[in-house]
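The values are calculated or read from the model by the stated rules, or taken from the named source; none is laboratory data. Just so it is clear, the structure is predicted and the values come from calculations on it, not from any experiment. Note: ideal-geometry Cβ built from the backbone for every residue, glycine included; neighbour counts use all protein chains shown. Side chains included, ligands, DNA and RNA excluded: accessible areas come from the protein's heavy atoms. Shrake-Rupley method; radii C 1.70, N 1.55, O 1.52, S 1.80 Å.
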Amino acid sequence: MASISLSFSFSSSIIPSPILPHHHKSINSPTPQVPIFRVTRSAISPPPSKYSKSSSSSVEKKKHWKRGEFPGITESPGTSTRNRRTPIKNIKKKLDKKSIAKAWVNTVTEALSERVDKKQWLQALEIFDMLREQSWYQPKEGTYMKLIVLLGKNGQPHRARQLFTTMIEDGLEPTPELYTALLAAYCRSNMIDEAFSTLNEMKNLPLCQPDIFTYSTLIKPCVDAFKFDLVESLYEEMAERAITPNTVTQNIVLNGYGKAGKFDEMEKVLSSMLESNMCKPDVWTMNTIISVFGNMGQIDMMEKWYEKFRNFGIEPETRTFNVLIGAYGKKRMYDKMSSVMEYMRKLQFPWTTSTYNNVIEAFADVGDAKNVELTFDQMRAEGMKPDTKTFCCLINGYANAGLFHKVISSVRLAAKLEIPENTSFYNAVLSACAKAEDLMEMERVFNRMKDNQCQPDDTSYSIMIEAYRKEGMNDKIYYLEQEQQIMTTDNKIVSEPEDEILA
């Protein structure tokens, strides 16, 4: 098959990433080797410096007072009057300066909040780093919490740790909530050892003892990795500390047992929840169970458990219907998928971004580009904002249909809408390049991914290695495998405490 050239290099035809917009020319572009926390300044100018006082004339004019109004003292040139009152115009200047400074502070704070909302972690750190250098800066726990959570969600646990250390240097005391946010950052990147080390730090600090939220957060990656021995040890530790699992904790474990095919253990946990007065099953329990069977393609079991939970008195919600739509879509049961959507309308449940994503994904998997496009157009017509997953589905759908020019337009539109470009997004583009057999463009995308501090995962390397294998490019495969191994080693070194590295 002849190679099809996509020719949508991120550096040329695709609009550059919103991390550094072109119109912010005063921002220094970060080099690929961005430090863990210390980054370049943003383009927001600091408040104006103190107004310089106009130089007084070398000879002051004499004041001729009326007789009897003041003692007969005449000022000689060069002498000054004590306790001279500040002219009104100088007071006005000071008030104007304070107003300008206050407005600048509000502007920077809003800019930081905007970057956090848009999940632009690199720009958020740039602005925050500049804020810390101001003389009036006062560290706030809420700001650090938002940034640590943002870094964790964007796969930057090492920078989250560095930020946590910076917070302590700024004089803020750590709290259980901040430690849990840091632990969650490690958990999101499946760095279980580092998460357990963070838990041990908490246990050694009297005012930062872990709570049920901490343990629930740590249990999830253990469950996802099928490390149920660690789950059992955490449950025992919770019992020793008199911490009772809540419904959220049990739902996480239920999901893990279901994905691992341990249905007997899953039913035992569910039975204990039904008998408990503290953690009764809820709609999230319902969603968890039907998701397990829906993702495995066991539609009959999914429908059976749906009816069971309805008999328990648990009513479905929007996410419940989204799970059903996704499951029917993956099995190409479009009639049932449509029926659920009509039922949602009848019950006045709103169609959400997830609803549309599930429908787009169903058509994308089979390369039905026409229905992918129709669904996306309807989504935008109803004012629903697409997210990163929406564009991942669009890119996959057009690539599966062989419409690589629409892959290009989708990536451009994502940039225009400032859609966050995470690892899943880049993996979708890498996969499209591989399907088009455009290995040169695939390499450009891969390099841009790393330049934008978006760390490749196992899926990224798997896509590229498979593409090279089809072309018999064994040398490329060797270098990629070496790079993947080095990156894994580097991550381990960065996560280790400094004294252990130097030991």
Exercise for the section: Filter region 209-226 down to residues that are at pLDDT below 95 and over 24 Å from the mean Cα position of the chain (by Cα), then give me how many there are. Expected result: 1
Problem - Any pair with Cβ under 8 angstrom, 6 or more apart, that starts in region 171-186 at a residue that is at negative phi and of a type in the set (Phe, Trp, Tyr) and ends at one that is part of a helix (DSSP H, G or I) and open to solvent by 30 Å² or more (accessible area, probe 1.4 Å) - result: Tyr179/Glu201; Tyr186/Glu194
Practice task
Six or more apart or on different chains, Cβ under 6 Å: which pairs go from a residue in region 153-166 that's free of Cβ contacts under 8 Å to residues at least 40 places away in the same chain and hydrophobic (A, V, I, L, M, F, W, C) to one that's surrounded by fewer than 24 Cβ atoms within 10 Å (Cβ to Cβ) and in a helix (DSSP H, G or I)? Could you list them?
Solution key: Ala160/Gly152
Exercise for the section: For Ile419, state whether it is of a type in the set (Val, Ile, Thr), in a loop (DSSP other than H, G, I, E, B) and open to solvent by less than 60 Å² (accessible area, probe 1.4 Å). Expected result: yes
Problem - Positions within region 422-462 being within 20 Å of Gln120 (Cβ to Cβ), in a loop (DSSP other than H, G, I, E, B) and not polar (S, T, N, Q), in sequence order - result: Cys454, Pro456
Exercise for the section: Scan the helices (runs of 4 or more DSSP H) fully inside region 151-247 and keep the ones with 3 or more residues being in contact with a Leu (Cβ under 7 Å, 6 or more places away or on another chain), over 28 Å from Lys118 (Cβ atoms) and open to solvent by less than 30 Å² (accessible area, probe 1.4 Å). Expected result: 212-224
Fill in the blank from the handout: Residues in region 150-191 that are more than 16 Å from Pro210 (Cα to Cα) and over 16 Å from the mean Cα position of the chain (by Cα) total 11
Handout entry: Scan of region 248-294 for residues that are of a type in the set (S, T, N, Q), part of a helix (DSSP H, G or I) and surrounded by fewer than 19 Cβ atoms within 10 Å (Cβ to Cβ), ordered by number
Key = Ser271, Ser272
Exercise for the section: Go through region 303-329 residue by residue and tally those that are within 31 Å of the chain's Cα centre (by Cα) and open to solvent by less than 60 Å² (accessible area, probe 1.4 Å). Expected result: 13
Problem - Boolean, Ser410 is within 23 Å of Tyr356 (Cβ to Cβ), without any contact (Cβ under 8 Å) to a residue 24 or more places away in the chain and under 25 Å from the mean Cα position of the chain (by Cα) - result: yes
